[in-house]
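Trainee: Take a look at this one; I'll ask things after.
The values are calculated or read from the model by the stated rules, or taken from the named source; none is laboratory data. Since this is a predicted model, take the numbers as computed values, not measurements. Counting neighbours? That spans all protein chains shown, and the Cβs are built from the backbone with ideal geometry, glycine included. Only protein heavy atoms, including side chains, enter the accessible area calculation; ligands, DNA and RNA are left aside. Shrake-Rupley method; radii C 1.70, N 1.55, O 1.52, S 1.80 Å.
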Amino acid sequence: MTPYLLYSDGNGNIYEDTSLYAIGRMGWDAMPVDEEDWIELPDGGSLYELPERRGIGIDVKTGEMRLCEKGWAVAAFIPPAHTGLYMAAFEALPEAQTLPLFCYTAVGWYNEKFYVTAVRIERDIRQEAKGYNEDKIKLGVEHMLEAYPHNRLVEHLANNCALTYHCPAARNYFIGRWECPIPISPACNANCIGCISFQPQEETIYSAQDRLTFKPTAAEVVEYTVPHLETAPYPIVSFGQGCEGEPLLMWETIREAIIEIRKHTQKGSININTNGSKPDAVEELMKAGLNSIRVSLNSVRPEIYTKYYLPNNYKFEDIRESARIVRQYGGWASINYFVFPGMTDSVAEYEALREFIKYTDISMIQWRNFNIDPDWYLGRLGVTDTGECLGVRQLMDLIHEEFPHIKFGYYNPSIERMRNYDTDFAH
Ligand code: SF4
């Protein structure tokens, strides 16, 4: 089964082109996709038309690769818990504008259904689209704003995160379950090209959400997180969210909050999502009672990492050290690995990943989709040739084979899951 290519008429209407088979993209190269790499578009996925871009497909009669001139290219935004194996294959016209910060996975049409090149990497259901009840969320928002009238963080999580940005973690907090977000830092010590909370004026794209504008106190953090840890199923509270800068810049406040939280409850897990830039601070947080860390990175090759993160006063080795320190203290260390087909699965990256794993002893790889315009990303990094590639699925298989203890997923695990990763998730 090979799906047909999709195109849009530029007015949001999408059609299949039965003269062309859909294919995928890795790095700068378009290529056919194996049958096993196509799955039905999961619930919660959506489709994008890519203005001023022509889709590339394979002619069903000649087998030749050619452009679809009938309209604009189409890509899929696949929902959380799924990792894209190929990007959408397209050729941009010279006047094309940079695409916004979303992932652009290959998509096609077959047997009256949309198909995407992806794999379900995570069994946990915490961000399933059908799991969100709007009325319950609104009720939860009302209740928490009443319960914490002077808490700026709860106000931010309610009006910005849950009701405006529709952040899945904030919505879960107001439903009283699972992972609860703690945005804490208005500033950052990196300048990621694809930052989702801050984009420089001169850039043509926008950040998906605005950065926090105040410095929360430890008391504000403790006030709403202790009840969550005490009452929520599989509770996690997580510093470091998409609507802020780098949490480690506020490590003293985080340490104070962790110590205070643990005076009130031993339940659940305290996690930090971070760029990992300050290993000394991470060590202090582990001493205070931090349970897990998730270090975000586009690559484990220092040169590729540095060209994207554009770090201020820290270097790649620091983030590696942060992950290792957490493991040395018996904590759970994940990498939030931005998967970019053609770069992440290059042989050079694979070899670097093996070394990174051996050095840090990480517990988990969260195979996340990279939300970025592929042409813009490769252009800004000055990458003209990505080198030999393995394929994302084969990369996963090789890592699993060599390091079977490393868990694959998409979300920060609860304490129950850290203790027994095969814990049942139908909660
Ligand atoms: S580390 Fe996070 S907040 Fe900082 S620039 Fe990068 S994406 Fe933005």
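Trainee: Write out the GluC sites (Glu not before Pro) in the stretch 147-227 meeting two conditions: DSSP loop, and at most 15 other Cβ atoms within 10 Å of their Cβ. Each step should come with its number before you reach the end.
Mentor: Values: sites: E155, E179, E202, E203, E220, E223; in loops: E202, E203.
When the GluC sites (Glu not before Pro) of the stretch 147-227 are filtered for loop state and at most 15 Cβ neighbours within 10 Å, E202, E203 remain.
Trainee: Just to check, using Stokes-Einstein with a Kirkwood Rh over alpha carbon pairs, what's the diffusion coefficient of the chain at 4 °C and 1.567 mPa s in µm²/s?
Mentor: Values: Rh = 22.3 Å.
Once the numbers are plugged in, D ends up at 58 µm²/s.
Trainee: For the stretch 40-113 and the stretch 352-427, write down the distance between their C-alpha centroids in whole Å.
Mentor: Between the Cα centres of the stretch 40-113 and the stretch 352-427 lies a distance of 23 Å.
Trainee: With viscosity set to 0.692 mPa s at 37 °C, what whole-number translational diffusion coefficient in µm²/s follows for the stretch 290-372 from Stokes-Einstein and a Kirkwood radius over Cα pairs?
Mentor: Values: Rh = 13.0 Å.
Taking Rh from Cα pairs, D becomes 253 µm²/s.
Trainee: For every helix of n ≥ 4 consecutive DSSP H residues, a contribution of -39,500 (n - 2.57) applies; sum these over the chain, divide by its total residues, and give [θ] at 222 nm rounded to the nearest 500 deg cm²/dmol. Display every interim value, and only then the final one.
Mentor: Values: 12 runs with 124 residues, N = 427.
After summing the helix terms and dividing by residue count, I get -8500 deg cm²/dmol.
Trainee: Where a Cα-Cα gap under 16 Å defines reach, which aspartates and glutamates qualify for K407, not counting those fewer than 8 residues away within the same chain?
Mentor: E122, D124, D361, D397, E416, D422, D424
Trainee: Using a Gaussian network model of the chain with C-alpha springs under 10 Å, which one of A106, A147, A190 is most mobile by mean-square fluctuation?
Mentor: Its mean-square fluctuation being the largest, the pick is A147.
Trainee: Roughly what % of Cα-Cα distances in the stretch 168-299 sit above 25 Å, to the whole percent? Intermediate values should be presented prior to the final figure.
Mentor: Details: 2054 of 8646 pairs.
Summing the P(r) of the stretch 168-299 above 25 Å gives 24 percent of all pairs.
Trainee: Label the stretch 4-120 by shape, choosing from rounded, prolate and oblate, from the square roots a ≥ b ≥ c of the eigenvalues of the Cα gyration tensor; if a/c is under 1.5 it is rounded, and otherwise prolate applies when a/b is larger than b/c, oblate when it is not.
Mentor: Taking the square roots of the gyration eigenvalues as a ≥ b ≥ c, the stretch 4-120 is rounded.
Trainee: I would also like to ask the following. For Cα pairs less than 8 Å apart in space and 6+ apart in sequence, what is the mean separation divided by the residue count of the stretch 4-120, i.e. the relative contact order in percent? Intermediate values should be presented prior to the final figure.
Mentor: On the way: 292 pairs, mean separation 37.6, N = 117.
So the answer I get is 32 percent.
Trainee: Scale the Cα Rg of the stretch 281-326 by the rule-of-thumb value 2.2 N^0.38 Å and send over the ratio, two decimals. All intermediate terms of the calculation are to be shown ahead of the outcome.
Mentor: Numbers: Rg = 11.7 Å, N = 46, 2.2 N^0.38 = 9.4 Å.
Relative to the 2.2 N^0.38 Å estimate, the stretch 281-326 comes out at 1.24.
Trainee: Okay, next question. Calculate what fraction, in whole %, of the accessible area of the chain sits on carbon and sulfur atoms when a 1.4 Å probe is rolled over the protein chains.
Mentor: Carbon-and-sulfur percentage of accessible area, whole number: 49.
Trainee: Which residues in the stretch 2-24 place their backbone N less than 12 Å from a point set 7 Å from the Cα of Y110 along the Cα-to-Cβ direction?
Mentor: The answer is 2-5, 21-23.
Trainee: Any idea what diffusion coefficient the stretch 1-40 gets from Stokes-Einstein, in µm²/s, Kirkwood Rh on alpha carbon pairs, 4 °C, 1.567 mPa s? All intermediate terms of the calculation are to be shown ahead of the outcome.
Mentor: Details: Rh = 11.5 Å.
Roughly 113 µm²/s, to the nearest whole number.
Trainee: Let me ask something else about it. Could you work out the relative contact order of the stretch 139-269? I mean the mean sequence separation of Cα pairs under 8 Å and 6+ apart, divided by the number of residues, in percent.
Mentor: Averaging sequence separation for qualifying contacts and normalising by length gives 29 percent for the stretch 139-269.
Trainee: Between W367, W72, W376, find the one with the highest GNM mean-square fluctuation for the chain; connect C-alpha pairs within less than 10 Å.
Mentor: In this elastic network of the chain, the residue with the biggest mean-square fluctuation among W367, W72, W376 is W376.
Trainee: Assuming R0 = 51 Å, can you tell me the calculated FRET efficiency for the pair E252 and T62, based on Cβ-Cβ distance, to the nearest 0.05? Walk me through the numbers on the way to the answer.
Mentor: Details: r = 65 Å, r/R0 = 1.28.
Calculated value: 0.20.
Trainee: On to the next question. In the stretch 246-314, how many lysine pairs have Cα atoms under 23 Å apart, counting only pairs 8 or more places apart or on different chains?
Mentor: On the way: K263/K287; K267/K287; K278/K287; K278/K307.
Final tally of qualifying lysine pairs is 4.
Trainee: Of D59, D318, D43, which is the most mobile in a GNM of the chain whose springs link Cα atoms less than 10 angstrom apart?
Mentor: D43
Trainee: What net charge do the residues around G71 carry, taking every other residue with its C-beta under 14 Å from that of G71, with Lys and Arg at +1 and Asp and Glu at -1?
Mentor: Details: positive: R53, R54, K70; negative: D9, E16, D17, E49, E52, E69, E91.
Local charge sum for G71: -4.
Trainee: Mean separation of Cα pairs under 8 Å and 6+ residues apart, divided by the residue count of the chain: what relative contact order is that in percent?
Mentor: The value is 15 percent.
Trainee: Below 15 angstrom from the Cβ of P32, what's the summed charge of the other residues (Lys, Arg +1; Asp, Glu -1)?
Mentor: Numbers: positive: R25, R66, R393; negative: D29, D34, E35, E36, D37, D59, E64.
Every neighbour counted, the sum reads -4.
Trainee: Between E91 and K263, what FRET efficiency follows from the Cβ-Cβ distance if R0 is 51 Å, with the result rounded to 0.05? Display every interim value, and only then the final one.
Mentor: On the way: r = 59 Å, r/R0 = 1.16.
Efficiency for this residue pair is about 0.30.
Trainee: Less than 24 Å apart at the alpha-carbon level, and either on another chain or at least 8 residues along: which lysines does that give for K138?
Mentor: The reachable lysines, counting only those whose Cα sits under 24 Å from K138, are K130.
Trainee: Which net charge results when you count Lys and Arg as +1 and Asp and Glu as -1 among the other residues whose beta-carbon is under 12 Å from that of A169? Don't skip to the end; give the middle numbers.
Mentor: Details: positive: R126, R171, R177; negative: E179.
Result for the local shell: +2.
Trainee: Let me ask something additional. Please find the FRET efficiency linking Q328 to A147, where r is the Cβ-Cβ separation and R0 is fixed at 35 Å, and quote it to the nearest 0.05. Please list the in-between numbers first.
Mentor: Working: r = 39 Å, r/R0 = 1.11.
Using R0 = 35 Å, I get an efficiency of 0.35.
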